[in-house]
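Right, one structure below, let's go through it.
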């Protein structure tokens with residue numbers, strides 16, 4: 001199912017959502033070597049993106065010495081010499097990489113046109129309503145915290161991985177989780193591809209619930225088979241979505257108003 005738009009008007013324009021979309025596109029087009037060679041792109045990801053091994057060891061692969069080389073050898077099935085060569089390339093190209101800063105930088109990096117296109121579509125459709133509910137500042141903080149929660153769960157499930165993790169998917173998953181709690185009955189115009197292709201209006205809780213179940217299933221299956229995930233950080237999606245749902249449920253969910261208390265009629269002025 002691919003959402004196309006929702007029938008959920010907002011009270012104000014989503015300036016922060018637009019800013020996040022613009023920032024992601026600008027980084028993809030003007031900072032990343034999007035039009036460079038595959039080697040240039042991969043080296044850029046090693047230098048800028050979040051890498052679980054670096055987070056758990058609190059140092060870069062270039063500075064990790066023998067422990068980092070062993071992790072690279074195990075991850076990519078290369079020789080120790082090749083792993084050492086990668087470390088030298090990273091030391092030359094990356095400079096003093098900040099493992100902590102890379103967690104935030106990674107939220108604005110994308111690996112392909114399809115990757116950024118899908119992420120920005122979801123962000124624009126569902127982000128504006130969440131921003132409308134939280135306000136400009138609260139929404140920006142929520143977005144970044146969702147990205148941190150997503151990265152945290154991915155690192156928890158694969159702490160020794162030396163594969164660069166990148167993308168706004170985790171932060172956007174938090175937006176989706178919040179939307180599912182805040183606007184479960186909102187209608188989402190959705191493209192359904194199953195044997196035949198059709199577009200239907202579905203409740204947001206169904207569209208986003210199906211998306212979450214797919215991520216959860218893919219992450220669980222990936223734990224039991226090699227390369228099943230195809231390099232997609234499904235647990236980051238799960239972590240972001242759960243964070244968004246819990247935060248929205250605790251602080252931002254719609255609250256039912258109690259009915260007004262019964263008041264007995266007063267004595268009419270006619271009898272005074």
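Every number in this text was worked out from the coordinates using simple rules, so none of it is lab data. Since we're looking at a predicted model, the values are computed, not measured. Backbone-built Cβ (ideal geometry, glycine too); neighbour counts: all protein chains shown.
Grab the Cα-Cα distance for residue 214 and residue 250, subtract it from 0.36 nm times how many residues apart they are, and report the gain in nm with one decimal. It would help to have the intermediate numbers written out before the result.
On the way: separation 36, 0.36 × 36 = 12.96 nm, distance 2.47 nm.
So the chain would gain 10.5 nm between residue 214 and residue 250.
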Q.
Quick check on region 80-174: take the gyration tensor over C-alpha atoms, sort the square-rooted eigenvalues as a ≥ b ≥ c, and tell me if it's rounded (a/c under 1.5), prolate or oblate.
A. prolate
Q: Mind telling me which of 190, 37, 80 comes out most flexible in a GNM of the chain, alpha-carbon contacts under 10 Å?
A: 37
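Using the 10 angstrom Cβ neighbour count as an exposure proxy, how do 63, 77, 132 rank, fewest first? Numbers along the way, then the final one.
Details: 63 16, 77 8, 132 19.
Least crowded to most crowded, the residues run 77, 63, 132.
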Q. GNM on the chain, C-alpha springs below 10 Å: top fluctuator among 42, 32, 154?
A. 42
**Q.** Exposure proxy ranking, count of Cβ atoms within 10 Å, fewest first, for 28, 196
**A.** 196, 28
Q: Compute the long axis of helix 65-76 from its Cα atoms, compare it with the longest principal axis of the Cα atoms of the chain, and write down the angle in degrees, 0 to 90, nearest 10.
A: 70 degrees
Q | region 54-110: Rg to Rh, with Rh as the Kirkwood radius over Cα pairs | A | 0.99
Q. Given labels modelled 7 Å from the Cα in the Cβ direction, how far is it in nm from residue 100 to residue 40?
A. 3.3 nm
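For residue 92 and residue 75, compute 0.36 nm times the residue count separating them, minus their Cα-Cα distance, and round to one decimal in nm.
Here the segment from residue 92 to residue 75 would lengthen by 3.9 nm.
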Q | Theoretical FRET efficiency, 1/(1+(r/R0)^6), r = Cβ-Cβ of residue 205 and residue 25, R0 41 Å, to 0.05 | A | 0.90
Q. Hey, what angle do you get for helix 113-134 against the long axis of the chain, alpha-carbon based, 0 to 90 degrees rounded to 10?
A. 30 degrees
Q) Calculated from DSSP H runs of 4 or more alone, at -39500 (n - 2.57) each and per residue, what is the 222 nm mean residue ellipticity of the chain, nearest 500? A) -18500 deg cm²/dmol
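Once Rh is set to the Kirkwood radius over Cα pairs, what Stokes-Einstein translational diffusion coefficient, in µm²/s, holds for the chain at a temperature of 37 °C and a viscosity of 0.692 mPa s? Before the final figure, lay out each step's value.
Working: Rh = 20.5 Å.
Value of D from the Cα-based Kirkwood radius: 160 µm²/s.
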Q: Project the alpha carbons of region 138-202 onto their principal axes and report the range along each, largest first, in whole Å.
A: 42, 34, 16
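Just want the ordering: 237, 57, from fewest to most Cβ atoms lying within 10 Å of their own Cβ. Provide the component values of the computation, followed by the final result.
Values: 237 28, 57 18.
If I rank by nearby Cβ atoms, fewest first, I get 57, 237.
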Q.
Can you compute the modelled spin-label distance between residue 163 and residue 193, with each label point 7 Å from Cα toward Cβ, in nm?
A. 2.2 nm
Q: Would you kindly state how much longer the chain becomes between residue 13 and residue 185 on full extension, computed as 0.36 nm times their sequence separation minus their alpha carbon distance, in nm to one decimal?
A: 59.8 nm
